[in-house]
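Down below is the structure, laid out as structure tokens.
The values are calculated or read from the model by the stated rules, or taken from the named source; none is laboratory data. Quantities reported herein were computed from a predicted structural model and do not represent experimental measurements. In this analysis, Cβ positions are derived from the backbone assuming ideal geometry, glycine residues included, and neighbour counts consider all displayed protein chains. Accessible surface is based on the protein model in full, side chains and every heavy atom, while ligands, DNA and RNA are left aside. Shrake-Rupley method; radii C 1.70, N 1.55, O 1.52, S 1.80 Å.
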Amino acid sequence: MKIAAVIFASPMVGYANNYDFVRSSECTGVWSSANGAVAIPHHRAPRAELLYDGRTDAEGCMVSFDNLFVRLARLPHAVGDTFDLREVGAWKLALLVAGVAVLLAVVRQSAVLLACAVVFGLVFGDMSVLPYFNSMYAEFSVVGSLFFAMAACAWLCAVPQWPGLGRVALLLGPGVVWLGFSKQQYGFFASALLVYAGLVLVARWRRWRLAGALAVLALAMPLSFAALNPSDRVVMQSIAKANKFNTFFWAVLPAASDKDAALQTLRLPASCRGAIGLSWFTPGLEDHKPCPEIVQASRRRLPLLFAQDAATFLVPMRHAVASTRPLYPVYLAWFERPGDAQRGKYVLMRETSFSRWVERLPDRAYGGAALLLMGLGVVMVPGSLLLCLRRGAGDNPGRADVASRDRSGLRLVACLLGLGGMAIVYSLASSVFGDGYADFPKHAVGALVGAAFGLAGLVLGCAALCSRGTAALRQSPAPPAARAAPCR
């Protein structure tokens, strides 16, 4: 209901164009327009009208799975036609529904389905996520693919017996491949999920060949994305230069206790010291960016800098946690008619969103919750794999008895907490050390999905503990004083 109410709303609800739509437009020939002419991007309101003018440019094109939705939406139209951005949103919704249908057809465990329902409601009922449907940003693909890929990994941990190659491929493959080709930033997390899934397959069922195939795919996806978006392409050169500038000068170097030594570690000249604290978007630097040597800088030097000066890691990560509230780009308008922001139904949708609940937490409570989930992620990823290695009478592949179900639930909780926490860590770290604090809530959108999985893990874990405690109380003998006297 909430999804449809936003996607098909009139006037439109969607994120305004901050100019990044051009990366898709240069691939698809579909441009944001007004009155039949290509429109200049602005942040004040989204535009529903799109123009299919057929003009493309490989140098400005960023190949992404998300471009598929625009290509599907333009199919009924000829070059020169205008059509509605909500047609793109409808195709995104269609893929989401198809993915849920596959999930329901493959997964039979009620605990896994309950966890997926909790995560789905938190993520796709959130008003910070829904405007991505009616946009040409790749963040919808990040959120959607993360949900399905992580749900598939949780199912692999929880399923009590070998489900068969077909079901594994059907549930795991599409989500992980979608994530791998959604956005450059999250491609490596897709590879990490494949490695994790392979380790689960080996630990539980000794499926070495399948795990090897997943490892090959984990290596192939980033290489394929790089081949589709070569680094010498103009758009990739521009993105790389801006991202490095923001990472080093805006996020990392301002935290260094000895800035000259930090510059030396990063192999940047002393003349670059004046750029520390600036961003790619600092007014007055449009035509004369300082430190042209930043192009040659490498993030491979960052671990050495972190080892020498821990503040260069800890301070940006602390700011990263704080920068996720609110978890949407505040400068981008949502409503085609600005006054709709005050309409009762949209206010209700916003107030019942997961991200809104998070925003209302006190700073210390929010920071503590974030640290808890990230810490659980670091501990529970290896912990869940160790649980997968434990085999006993209840792990007989031919039957699913009570002991097996108990172990299945424990593995599920550990997997939800582990993958959820690591998704938060990866989203924050890849954002702040990938592009500094630029568009941070947008780049770190995966943290919302991770938090939802972590919360689902905590809920299921607490429910399991309460259930076991209740069962133990029922089975324990009553104290002598409480026993009834025999009848005479």
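Just tell me which aspartates and glutamates come within less than 15 Å, Cα to Cα, of residue 241; anything on the same chain fewer than 8 places away is out. Result set, ordered by chain and number: 232, 286, 287, 293, 435.
Taking other residues whose beta carbon is less than 15 angstrom from the beta carbon of residue 139, and scoring Lys, Arg as +1 and Asp, Glu as -1, yields -1. With all protein chains kept in place, the per residue accessible area of the chain amounts to 45 square angstrom at a probe of 1.4 angstrom.
Here residue 345 is the anchor, and the aspartates and glutamates within straight C-alpha reach of less than 17 Å, apart from those fewer than 8 places off in the same chain, are 126, 336. What the phi angles of the range 336-345 give under the Karplus curve with 6.51, -1.76 and 1.60, with θ = phi - 60°, is a coupling list of 4, 10, x, x, 5, 4, 9, 5, x, 5 Hz, glycine and proline written as x.
Rg and Dmax over the alpha-carbon atoms of the range 86-170 stand at 13.8, 43 Å.
Looking at the square roots a ≥ b ≥ c of the eigenvalues of the Cα gyration tensor of the range 16-93, which shape do they give, rounded for a/c under 1.5, prolate if a/b is larger than b/c, or oblate?
Judged from the Cα gyration tensor, the range 16-93 comes out rounded (a/c under 1.5).
Annotation for the range 82-142 versus the range 276-301: alpha-carbon center distance of 37 Å.
Using θ = phi - 60° in the Karplus curve 6.51 cos²θ - 1.76 cosθ + 1.60, the 3J(HN,Hα) couplings for the range 87-95 round to 5, 5, x, 5, 5, 5, 4, 4, 5 Hz; x is entered for Gly and Pro.
Report Rg/Rh for the chain, rounded to two decimals, where Rg is the Cα radius of gyration and Rh the Kirkwood radius. Let's see the in-between values first.
Numbers: Rg = 24.7 Å, Rh = 24.3 Å.
Rg/Rh for the chain comes to 1.02.
Taking square-rooted eigenvalues a ≥ b ≥ c of the alpha carbon gyration tensor, is the range 183-230 rounded, prolate or oblate, where a/c under 1.5 means rounded and, failing that, a/b exceeding b/c means prolate? It is oblate, given that a/c is not under 1.5 and a/b is not larger than b/c.
Counting other Cβ atoms within 10 Å, which trypsin sites (Lys or Arg not before Pro) in the range 50-140 have at most 14 and lie in a DSSP loop? Intermediate results must be reported in sequence, preceding the final value.
Working: sites: 55, 71, 74, 86, 92, 108; in loops: 55, 108.
Sparse-neighbourhood loop trypsin sites (Lys or Arg not before Pro): 55, 108.
Expressed as cubic angstrom per residue, what is the convex hull volume of the alpha carbon set of the range 129-241?
Numbers: hull volume 12.1 nm³, N = 113.
Cα convex hull per residue, to the nearest whole number: 107 Å³.
A simple rule links phi to the HN-Hα coupling: the Karplus curve 6.51 cos²θ - 1.76 cosθ + 1.60 with θ = phi - 60°, which for the range 66-76 gives 4, 5, 4, 5, 5, 5, 5, 5, 7, 3, x Hz, with x for Gly and Pro.
Assign one of three labels to the range 268-338, namely rounded, prolate or oblate, based on the Cα gyration tensor with a ≥ b ≥ c the square roots of its eigenvalues; rounded applies when a/c is under 1.5, prolate when it is not and a/b is larger than b/c, and oblate otherwise. If you can, show how the numbers build up before the last one.
Numbers: a/c = 2.96, a/b = 1.39, b/c = 2.13.
Cα axes put the range 268-338 in the oblate bin.
Place a +1 charge on the Cβ of each Lys and Arg in the chain and a -1 charge on the Cβ of each Asp and Glu, then give the dipole magnitude about the Cα centre in debye, rounded to the nearest 20.
On the way: 46 positive and 29 negative charges, 438 e Å.
For the chain, the charge dipole is close to 2100 debye.
Only Cα pairs under 8 Å and 6+ residues apart enter the sum, and on that basis the relative contact order of the chain stands at 18 percent. Roughly how many Å is it from the Cα centre of the range 161-196 to that of the range 330-358, as a whole number? The distance from the Cα centre of the range 161-196 to that of the range 330-358 comes to 33 Å. The modelled label-to-label distance between residue 10 and residue 310, using points 7 Å beyond Cα along the C-beta direction, is 6.0 nm. Put simply, when 372-385, 257-270 are sorted by average Cβ atoms within 10 angstrom per residue, most first, you get 372-385, 257-270. Carbon-plus-sulfur accessible fraction, the chain (probe radius 1.4 Å, protein heavy atoms only): 64%.
Quick check on my link table: of 183/442; 183/259; 259/289, which ones sit more than 23 Å apart, alpha carbon to alpha carbon? Going by Cα-Cα distance, 183/259 fall outside the 23 Å limit.
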